[in-house]
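Each remark here refers to the structure printed beneath this line.
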There are 6 protein chains.
Amino acid sequence: MTTETWLTTLITETPQAGFELAITLSRRGVKYTQPNPEVLKKLRPIYSESAEALMEASHIVAINFQTVAAANNYWRDAK
Amino acid sequence: MTTETWLTTLITETPQAGFELAITLSRRGVKYTQPNPEVLKKLRPIYSESAEALMEASHIVAINFQTVAAANNYWRDAK
Amino acid sequence: MTTETWLTTLITETPQAGFELAITLSRRGVKYTQPNPEVLKKLRPIYSESAEALMEASHIVAINFQTVAAANNYWRDAK
Amino acid sequence: MTTETWLTTLITETPQAGFELAITLSRRGVKYTQPNPEVLKKLRPIYSESAEALMEASHIVAINFQTVAAANNYWRDAK
Amino acid sequence: MTTETWLTTLITETPQAGFELAITLSRRGVKYTQPNPEVLKKLRPIYSESAEALMEASHIVAINFQTVAAANNYWRDAK
Amino acid sequence: MTTETWLTTLITETPQAGFELAITLSRRGVKYTQPNPEVLKKLRPIYSESAEALMEASHIVAINFQTVAAANNYWRDAK
């Protein structure tokens, strides 16, 4: 669907890096449906200045973080 | 429900291919409820130009990606 | 709650058949709350011609597909 | 919170009985928040005649069915 | 965040007690965001007399019940 | 994405600390999308005084709590 490689592993060194990967996944989910950067740019203020949209963003991140955290075995062995 | 074969495996070589399969699953979920391509075409601008709809799309992809990622054991053994 | 038998197993031969079972489960979830076929028929155009409703349908299918896919061990041994 | 015993096990004999238990759990989730049967009765037409509400009902059932299905090991050993 | 101890274990004796713990978790999720009892009291009628809010309440309980049920190994060994 | 370290482990001593971590994760999900503290401050009353927003907050916390609880093996061995 895209020729660009943007995701080669779900493994991250720290939980925080995993959370940030979850954010990337959430944004990519939007970008696959609307690849036009002009349209996305126009919608940006809606995402970032509406309380509902910000909560929905956090909601999607939470779901993706479940996936990334499970992939990393919850970083249980990290020190 | 359909005579076309479109899904033979959940296994993909890379996480990115898995993410793209999650997108396919999300679209198919729509298509089974509304198989008419004319109606879908008419609705397309709504999906792709509304901030809420784009976030909901990303939300559904996140859920399907959980399934695909688990199926692939999170590509933990990939190199 | 119903006298009809409609679900005897979650096991399907292929992932696609599992996805279609997920659609059946989603529809049954509606039908248990509103068993009257006349009312359901009246609501049908809303389900199938609104972008939001189609996405919500795909959302529910995604959740049910998680269940069916787990039940089938993600069809990992299928060939 | 309630003196009535309504849930003693998540184990059911068949997937269909498990799905019906998921419906019970979904309704109980409503009833704990609004125990007054008069208010619930007044709201009933909204639940059962709005497309959105019916889909949300199916959505909640799908989540509860995940729990019940996992509890029953997906009825994999059923015959 | 709070000095009060309100959650010491996810283990409950019965599934029903687990479901009621899921309700407690759902309410606490609200209370952490809005700790003011006056504001919560004012919002109470909205929660308990709107069909959408009651369904959303049941939705959140369903998610928390997944967690509590898994913690208790689905009470499979209960008698 | 941020230079600040805010998440080094998902392991907590008690379920309550885990629930509070889930709240932190939910807020961070918002903050990554809207890092401007001025905008967040302006939106705060919406989050905390609308019944829908409070329920959505609880919803997101429930999802993040699933992750934290699984990471901690549900605090089954806690005493």
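The values are calculated or read from the model by the stated rules, or taken from the named source; none is laboratory data. This structure is a prediction, so every number in the text was calculated from the model and none was measured. Here the Cβ positions follow ideal geometry from the backbone for every residue, glycine too, while neighbour counts run over all protein chains shown. Ligands, DNA and RNA are excluded from the accessible area calculation, which covers all protein heavy atoms including side chains. Shrake-Rupley method; radii C 1.70, N 1.55, O 1.52, S 1.80 Å.
Structure values in brief
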read-out: Accessible area of chain A belonging to carbon and sulfur atoms, whole % at 1.4 Å probe; value: 52
read-out: Over 32 Å (Cα to Cα) - which of E:K42/F:K31; A:K31/B:K42; D:K31/E:K42; B:K42/D:K42 fall in this group; value: B:K42/D:K42
read-out: Cleavage-rule hits (GluC sites (Glu not before Pro)) in segment C:1-54: DSSP loop, at most 13 neighbouring Cβ within 10 angstrom; value: C:E4, C:E13
read-out: Overall form of the protein assembly as shown per C-alpha gyration tensor (a/c, 1.5; a/b vs b/c); value: rounded
read-out: Proximal aspartates and glutamates relative to C:K41, as straight alpha-carbon distance under 17 Å, when same-chain residues fewer than 8 apart are discounted; value: C:E49, D:E49, D:E52
read-out: Crossing angle, helix E:37-49 versus chain E [Cα axis fit, 0-90 degrees, rounded to tens]; value: 70
read-out: Global size of chain B as Cα Rg and Dmax, reported in angstrom; value: 14.3, 43
read-out: Å² of accessible area per residue within segment A:12-79, as computed with a 1.4 Å probe and no ligands counted; value: 42
read-out: Chain pair C, D: total accessible area buried, heavy atoms, 1.4 Å probe, Å²; value: 2600
read-out: Derived scalar couplings ³J(HN,Hα) [segment A:21-28; Karplus, 6.51 cos²θ - 1.76 cosθ + 1.60; whole Hz; x for Gly, Pro]; value: 5, 4, 5, 4, 4, 5, 5, 5
